[in-house]
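No value in this document is a laboratory result; all are computed from the given coordinates. In this text the structure is predicted, and so the values were computed from the model without any measurement. Note that each Cβ is placed from the backbone with ideal geometry, even for glycine, and that neighbours are counted across all protein chains shown.
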Amino acid sequence: MKKRILLLSIALVSFTAFSFASVTPTATSVAPASISKNVINSFNREFANASNIQWEINANFVKAQFNVNDMVLFAYFNKSGELIAVTRFISPNQLPLELLTSLKKANSNYWVSDLFEIQTETGTSYFATLENADQKVVLKSEGINGWQTFQKEKKDNAE
């Protein structure tokens, strides 16, 4: 149950961070010296070739933003240094074919404004933010089994 809540928090923080390109109000950018040795050691073990590392501390986890092989990745660690999830932006054509096809077919009146992948010990999930003139919809897919509505909101200009 704790892991599920933590993963939901990561998804929401990732969605918020990706949508608004800013640090969330509950997170604080920090220097590497203030990150625990367990987190640093775990990060170095998992991502030996990382560069341009930026750290944030949240109440429930520590987030590292970094580059590997010309990709921007985000890694989330619990306070004891265990890697919880890795996320990255992707383009629609990086989705599995089944997901891309179902996304385009069922949502032809929307455009994709954000798309990211989350990898955890339980598998890979995808989050797609779709928009039209009136609303914004966030869809979630676990694996390649189709999309479910994760969040829906009307835009301010919609009546």
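In the P(r) worked out for the range 92-154, what percent of Cα pairs fall beyond 20 Å? That fraction is 20 percent.
List the GluC sites (Glu not before Pro) within the range 86-139 that DSSP assigns to loop and that have no more than 11 neighbouring Cβ atoms inside 10 Å. Answer in residue order: Glu121.
On full extension of the chain, what length is gained from Asp134 through Glu98, given 0.36 nm per residue of separation minus the C-alpha to C-alpha distance?
On the way: separation 36, 0.36 × 36 = 12.96 nm, distance 2.71 nm.
Between Asp134 and Glu98, full extension yields 10.3 nm more.
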